[in-house]
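> Got a structure for you, written out below as structure tokens; questions coming shortly.
The numbers here are math on the coordinates, done by the rules we state, and not lab data. Here the structure is a predicted model, which means the values were calculated and not measured. Here the Cβ positions follow ideal geometry from the backbone for every residue, glycine too, while neighbour counts run over all protein chains shown.
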Amino acid sequence: MSSRSAWRALHYSAKRRAFQSPAPYRCFSCARRAQEQPKSEHERMTHFGFSNVPESEKESRVGAVFSSVAASYDRMNDLMSLGVHRLWKDHFVRSLNPGSALPARDCDTPNQQGGGWTILDIAGGTGDIAFRMLDHATNINHDLETRVTISDINGDMLAEGRKRSLDTPYYNTRRLSFVEANAEHMPHIASESVDLYTVVFGIRNFTDKQAALNEAFRVLKPGGVFACMEFSKVDNPLFDAVYKRWNFSAIPLIGQVVAGDRDSYQYLVESIERFPSQEEFRDMIQTAGFMIPGRGFENLTGGIAAIHKGIKPIVKA
Ligand SMILES: C[S@@+](CC[C@H](N)C(=O)[O-])C[C@H]1O[C@@H](n2cnc3c(N)ncnc32)[C@H](O)[C@@H]1O
């Protein structure tokens, strides 16, 4: 075959491939499309990855995902992010400086004054953020009073967190506690009782994100801080293309090989795509009543993740 005809054969076979219908894309949500009908015409729908599902179903579907990934969650985080999630988490905690001196506030009970921070780590899962915050308070600020409650809707994720806590100095102390609860509705947590509310890689899974932000506002003391780290929107189109390729090709595959669960990791990457942009999410935080410092968010690694902060205003009488 002449080089010209060889080129032509290659060219046309490539073209044919390009026009062939692609291999069916296995979308976690698509597999369940038959169930995706509202139970009544009044039932509201919401996202579950790329699917729309009745709001009443989302919580149990998200629950199934995290129950399935709980045991492999920490190992998978390292593999999926190539370890970068540890750097982001360290930076997040350093930027909050837990255990540093707090101003005395009217709403503090006598034993809270000068008595460390009360931190609520929502969607705290396996404890990655909580343990870092306690370590920072203890080792950097020499504060042995700051306490963290890890709250999560999923008992299996909390069980992994409890297991990990056995290897920390906080196990079985008043500095660390666990609560199983939905972040959208936490009647067991008193209003104006928390100094710092954190939610890391959790809120994109919530059914009603605005309800959770409103609850955050309620439980925080005036002057208290809301801090969220979540996957976000990459600002450079070229980097975004590479990142999306990694997310949609590598992550479900790693999930399949390492955790034996492709579908859950497919959901996790789809849920990242569905999460609002930095600006949209900042506006939701503002809608809940928070004051926004500066532009309200800090991009990490080109916007793969972003840290959002809000402060509950102190209302002067
Ligand atoms: C991706 S994990 C993040 C865990 C941990 N914060 C971290 O960064 O490693 C998301 C967590 O959100 C929890 N979650 C999902 N929906 C929730 C809800 N409505 N209320 C509280 N936690 C929820 C899940 O159970 C899961 O443990």
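> First check a/c for region 152-207, with a ≥ b ≥ c the square roots of the eigenvalues of its C-alpha gyration tensor; if it is under 1.5, answer rounded, and if not, answer prolate when a/b is larger than b/c or oblate otherwise. Intermediate results must be reported in sequence, preceding the final value.
Values: a/c = 1.98, a/b = 1.31, b/c = 1.52.
Note, shape of region 152-207 comes out oblate.
> Excluding residues fewer than 8 places away in the same chain, name every one of the lysines whose C-alpha is closer than 28 Å to that of K58.
Of all the lysines, those that pass the test against K58 - Cα under 28 Å, at least 8 places apart if same chain - are K39, K89, K163, K209, K233, K244, K309.
> Also, quick follow-up: Rounded if a/c is under 1.5, else prolate if a/b is larger than b/c, else oblate: which is region 221-265, with a ≥ b ≥ c the root eigenvalues of its Cα gyration tensor? Let's see the in-between values first.
Details: a/c = 5.63, a/b = 1.55, b/c = 3.64.
Taking the square roots of the gyration eigenvalues as a ≥ b ≥ c, region 221-265 is oblate.
> Distance between Cα centroids, region 199-261 to region 60-101: provide it in whole Å.
10 Å
> Right, something else. Binned at 5 Å from 0, what are the whole-percent values of the Cα-Cα distance distribution for region 40-199, short to long?
Computed distribution, short to long bins: 2, 8, 15, 18, 19, 16, 9, 6, 4, 2, 0, 0.
> Ok, one more. Taking one equal scatterer on every alpha-carbon of region 247-295, how large is log10 of I(q)/I(0) by Debye at q = 0.17, 0.19, 0.28, 0.32 1/Å?
-0.60, -0.64, -0.94, -1.09
> Which translational diffusion coefficient, to the nearest whole µm²/s, is obtained for region 199-317 from the Stokes-Einstein equation, given a Kirkwood hydrodynamic radius over C-alpha pairs, 10 °C and 1.306 mPa s? Intermediate values should be presented prior to the final figure.
Working: Rh = 15.5 Å.
It comes out at roughly 102 µm²/s.
> Now for a separate question. Pull out a ≥ b ≥ c, the square roots of the eigenvalues of the alpha-carbon gyration tensor of region 163-245, then state rounded if a/c is under 1.5, prolate if not and a/b is larger than b/c, and oblate in the remaining case. Can you show the working numbers first?
Numbers: a/c = 2.35, a/b = 1.48, b/c = 1.59.
Here region 163-245 falls in the oblate category.
> Could I ask something else about it? Given a Förster distance of 22 angstrom, what is the FRET efficiency for K316 paired with S100, based on the Cβ-Cβ distance and rounded to 0.05? The partial results should precede the final answer.
Details: r = 24 Å, r/R0 = 1.09.
It comes to 0.40.
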